[in-house]
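The values are calculated or read from the model by the stated rules, or taken from the named source; none is laboratory data. Model, not experiment: these values are computed from the prediction. Neighbour counts run over all protein chains shown; Cβ positions are idealised from the backbone, glycine included. Note: areas computed on protein heavy atoms with side chains; ligands, DNA, RNA excluded. Shrake-Rupley method; radii C 1.70, N 1.55, O 1.52, S 1.80 Å.
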Amino acid sequence: MSDEVYDLTIIGAGPGGYHAAIRAAQFGAKVALIEKYKLGGTCLNWGCIPTKALYASSALIQKLKHQGEDFGVICEPKLDFAKAVERKNKIVEELVEGIEKLEKAWKNDVYFGKGKIVGGNKDEGFKITIEGENNATITSKRVIIATGSSPALIPAFNIDHERILTSDDILHPDFKTVPENLLIIGAGVIGCEFANIFRTFGSKVTMLEYLPNPIATEEPMIIRELKKKLDELEITLHVSQNVLSVENTGNGVKATTCSADVPRDQVESAEKSEFEADLCLVSIGRAKESSDLGLEELGIETDRGAIKVNIDTLETACKGIYAIGDVTGGVMLAHVASYEGEIAVANALHSIGGFPVHPETTDYSVVPATIFTNPNIGSVGIRRSEAKDKGIDVAMGRFPFESLGKAKCMGEDEGFIMILVDKSTGKIVGASCIGAEAPELISEIAVAMKHDLKAKDLSEVIHSHPTISEMVLESALDVYGLAVHRKGRPDIDLYQK
Ligand code: FAD
Ligand code: NAI
């Protein structure tokens, strides 16, 4: 496959890259997709999918353990961790194979190896070398970099992949240990998801977080509810902790912290605390995979590893080369990477000419996000604090799961949904939810937001009964004080112009 000339080459086959490759082929482009490890990237191999497979095992245990008797189903659930891991591995393998088949079906050439752009320009094409399983040099009229991210490593945390681990280690197909005591550094999204999973699997879990709250970007009301749940599960959370170092002590791990309030130059003399456990998960963010791609020579700049792009078109400073997904350092979510792939493909193919595409610009106003703790958390659009900063006066509709018939039947009566509406226009500007099916509920609101709908428009949609989706209906009605199963006060008038 050497010396081939392609319309578009994509480096990295995560949800950004593999989607982009399929989309470009659907528009008739000749496509090369380069991957140094496995198709599916972080999402399929080390991220979204394997965590959610383990989450499903943990959710089943929680359901049976805490509610089985109430439901009239009497059994004592017992974890077979090796089996849960085997199930997770099988799901990953099947999905990766599925992507391989799809790329083949679209006649995309997949090269396994490390891709590097070694020169060229948009008029003559770019030269790309591939080193690894497939060694080749190819030419491509346009390039999309979709090389993603990997766990952030801090030297003082001494990650040894034995006792001091990253999420990659815990999700490794051969990882088969449920530690008695698990220490988690960072109570962000990864930390909270794994805390919930391993606590249910039987570990004593302690989380150390630098900020005053876990998952600090969510609505304060959602964070309060999550903290309540962490307490109930007896997950210990220490906030405002600056973790200074982690060591493998031979038969365990030890983390040393000081208060996050201590100024950087006084850390050495500050009072320290120590936390011990059998294993430690370090989940303090992700590093962008932008090294050794030939960027500097092409005049492409990075900022702390993140490839700089034109935020509208996703083109880099080197015309004809685009970057998408985690490597650009934006919102690090699989669906954002895929969305950006769509935009970059349209712009790249349009710039070549002869393909049925129009130039596209990005729009990040409606990005749903979900956190798979138990209960799940979902959010979209802006939070109340952001509305205040932007000078938007918002009305709020709120509805608790405990007031919904279907939620009661499912034994899912914890949590609530809140919907934010711009008082001046009646349009929905954001929503947050913690509770059963939160991610799906947020999707409905995302559709409404994308199409500039008002809460009133949502309230006029007949929702099937009994369903969890009635949470959306009731919260939309609550904006006008008209929720049927909750006595609220109108925040705005239903017939507002
Ligand atoms: P990646 O998925 O990282 O893919 C990049 C690919 O490029 C990799 O396969 C890599 O091997 C390859 N590559 C790198 N350099 C080269 C090179 N030089 N040559 C060839 N190939 C190269 N997001 C969600 O939306 N929902 C979730 O539930 C969720 N859960 C997550 C759980 C965990 C534990 C983690 C770590 C992440 C999770 N994420 C989740 C985030 C999500 O996985 C990422 O945002 C997403 O995978 C980013 O996609 P990407 O295509 O930009 O990069
Ligand atoms: P994160 O940014 O969500 O959380 C990292 C946490 O570590 C932060 O709260 C930070 O304050 C804390 N921290 C950093 N340094 C610290 C120190 N020295 N001491 C104590 N605490 C410290 O990053 P995380 O959890 O690693 O996730 C990475 C990305 O993966 C996220 O951007 C997220 O978008 C994505 N992801 C998405 C999921 C989903 O959509 N369900 C699931 C898992 C990950």
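For the stretch 369-495, a simple Cβ point-charge model (Lys and Arg +1, Asp and Glu -1, everything else neutral) yields a dipole of about 300 debye relative to the Cα centre.
Just to be sure I understand the rule: take each whole DSSP H helix in the chain, project its Cα atoms onto its long axis, keep it if the span is 15 Å or more and its mean Kyte-Doolittle hydropathy is at least -1.0. Which ones pass?
15-26, 48-71, 81-105, 189-200, 220-232, 334-352, 438-450
For the stretch 155-284, the Kirkwood estimate of the hydrodynamic radius, built from every pair of different alpha carbons, is 14.9 Å.
Taking max minus min of the alpha-carbon positions on each principal axis, the stretch 369-495 gives extents of 39, 29, 24 Å, largest first.
With 26 Å as the limit on Cα-Cα distance, the pairs of Lys104/Lys176; Lys227/Lys427; Lys90/Lys288; Lys107/Lys308; Lys36/Lys104; Lys83/Lys114 that go past it are Lys104/Lys176; Lys227/Lys427; Lys90/Lys288; Lys107/Lys308; Lys83/Lys114.
The tail of the calculated P(r) for the stretch 313-397, taken as Cα-Cα distances beyond 15 Å, holds 68 percent of the pairs.
Estimated purely from DSSP H runs of n ≥ 4, each contributing -39500 (n - 2.57), the mean residue ellipticity at 222 nm for the chain is -9500 deg cm²/dmol once divided by its residues. Each DSSP beta bridge with both residues in the chain is either parallel or antiparallel, and the antiparallel ones are about 65%. The reciprocal of the average 1/r between distinct C-alpha atoms defines the Kirkwood hydrodynamic radius, which for the chain equals 24.6 Å. First select every other residue whose beta carbon is under 12 angstrom from the beta carbon of Phe157; then total the charges, Lys and Arg +1, Asp and Glu -1. Surrounding charge for Phe157 is 0.
Karplus-derived 3J(HN,Hα) values for the stretch 151-163, using 6.51 cos²θ - 1.76 cosθ + 1.60 with θ = phi - 60°, are x, 5, 10, 10, x, 5, 8, 6, 5, 10, 6, 10, 10 Hz; glycine and proline are entered as x. Close amide H partners of Ile144, meaning residues 5 or more places away or on another chain with modelled amide H under 5 Å apart, are Thr9, Ile10, Ile11, Tyr322. Rounded to the nearest whole angstrom, the semi-axes of the ellipsoid equivalent to the stretch 270-351, taken from the Cα gyration tensor as √(5λ), stand at 34, 16, 10, largest first.
Using a 1.4 angstrom probe on heavy atoms only, work out the carbon and sulfur share of the accessible area of the chain in %. The nonpolar share, carbon plus sulfur, comes to 50 percent.
All C-alpha to C-alpha distances of the stretch 299-341, sorted into 5 Å bins beginning at zero, yield P(r) values of 6, 26, 35, 23, 9, 1 percent in whole numbers.
For the stretch 246-251, putting each phi into the Karplus relation 6.51 cos²θ - 1.76 cosθ + 1.60 with θ = phi - 60° gives couplings of 9, 10, 8, 8, x, 10 Hz, in residue order, rounded to whole numbers and with x for Gly and Pro.
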